[in-house]
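So the structure is just underneath, and the comments pick up after that.
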Amino acid sequence: YDDRDGFIWMDGALVPWRDANVHILSHALHYASSVFEGERCYGGKIFKSREHSARLLESGRLMDMPIPLSVDELEAAKAAVLEANKLHDAYVRAVAWRGAGEDMGVAASRNKVRVAVAAWEWGAYYGDAKMQGAKLDIAKWKRPSPETIPTAAKAAGLYMICTMSKHAAEAKGCSDALFMDWRGYVAEATGANVFFVKDGEVHTPLADAILNGITRQTVISLLRDMNVTVHERHIMPEELPGFQQCWLTGTAAEITPVGQIGEHHFQVGQLTRDIASAYEAHVRA
Ligand code: PMP
């Protein structure tokens, strides 16, 4: 991703793509002091753009690295990036991190929090699995307790076990891994939330220790508009065989049907197809 034409917004200016670099002694590289957003632009408009900007600022606040920008300034930066790269349908990545500066130890309050926004074309996150039903491995790592790390933040440190779990899943021929949390409840995938269907009703993990995805919240409200009952609750892995359908939600994943988790199989059923088309219509409306 580093060797491309185009422009990336960095700390207030558009810089040529290949020049958007940071110093090796950036605090973030050593201590994971970084938060980010993943957004999708559909037909020139970023879906829930302000919600994503607000979540980035909130992630910074939760991780004690206040981001020196307002929602409006982030909106302007994203618009500038899309315009400079002539993108209409794109993935947008905003990132804020503690740079290099006065400190090189764990404490770094004197190091400036820097911000960048990049955007590029990015199709289906799970490729061919998208409509056939993705195969998920069960991660060996557990999502941590909110007493361990602020789990509501979209923070780089929370993704270390995601990368490890996704590598392990791919090595087994799976598209992704499903995490349980530290209590043993079904939690989320490495970059998406999970939903299940049982006898026409929908069940999804309570957002008490997972990222309460913007797509998750959108999908719950679309389902309720469709008069589908949605239960947000603690789900035990022993319940998996009792569910008939399953899908993942996320900005990148959109609605991706799941065909298999570990040994359990699911159908790509009517409700999965209905919510996928309702979501597609909604993001482009
Ligand atoms: N959980 C995790 C761990 C994620 O990385 C993501 C993607 N941001 C999600 C859930 C879904 O969040 P959203 O719908 O806001 O993209």
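Tabulated values for the structure
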{"read-out": "Residue within region 264-274 that is under 26 Å from Tyr91 (Cα atoms) and within 11 Å of the ligand (Cβ to nearest atom) present", "value": "no"}
{"read-out": "Candidate set: region 127-161, residues that are within 14 Å of the ligand (Cβ to nearest atom) and among the basic types (Lys, Arg); chosen: the one surrounded by the fewest Cβ atoms within 10 Å (Cβ to Cβ)", "value": "Lys142"}
{"read-out": "Long-range neighbours under 7 Å by Cβ, at least six apart or interchain, first residue free of Cβ contacts under 8 Å to residues at least 12 places away in the same chain within region 210-239, second not basic (Lys, Arg)", "value": "Arg224/Val230"}
{"read-out": "Any pair with Cβ under 9 angstrom, 6 or more apart, that starts in region 149-163 at a residue that is farther than 18 Å from Val113 by Cβ and ends at one that is more than 11 Å from the ligand (Cβ to nearest atom) and part of a helix (DSSP H, G or I)", "value": "Ile149/Gly157; Ala152/Glu58; Ala152/Leu62"}
{"read-out": "Which listed residue is away from the ligand (no atom under 13 Å from the Cβ) and surrounded by 22 or more Cβ atoms within 10 Å (Cβ to Cβ), from Pro241, Pro237, Pro205, Pro257", "value": "Pro257"}
{"read-out": "Selection from region 243-285 of residues that are among the small types (Gly, Ala, Ser) and in contact (Cβ under 8 Å) with a residue 24 or more places away in the chain", "value": "Gly250, Ala252, Ala253, Gly259, Gly262, Gly269, Ala276, Ala278"}
{"read-out": "Residue that is surrounded by the most Cβ atoms within 10 Å (Cβ to Cβ) [pool: residues in region 208-234 that are of a type in the set (S, T, N, Q) and part of a helix (DSSP H, G or I)]", "value": "Thr215"}
{"read-out": "Hits in region 164-185 (condition: assigned to a loop (DSSP other than H, G, I, E, B) and surrounded by 13 or more Cβ atoms within 10 Å (Cβ to Cβ))", "value": "Cys174, Ser175, Trp182, Arg183, Tyr185"}
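Residues checked against (1) assigned by TED's automatic domain parsing to the domain that holds Ser53; (2) over 17 Å from Cys41 (Cα atoms); (3) loosely packed, with under 15 Cβ neighbours inside 10 Å:
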| position | (1), (2), (3) |
| --- | --- |
| Leu69 | yes, yes, no |
| Leu82 | yes, no, no |
| Lys86 | yes, no, yes |
| Val92 | yes, no, no |
| Gly99 | yes, yes, no |
| Ala108 | yes, yes, no |
| Arg114 | yes, yes, no |
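The values are calculated or read from the model by the stated rules, or taken from the named source; none is laboratory data. In this text, all values refer to a predicted model and were calculated from it rather than measured experimentally. So basically every Cβ, Gly included, is an ideal-geometry build from the backbone, and we count neighbours across all protein chains shown.
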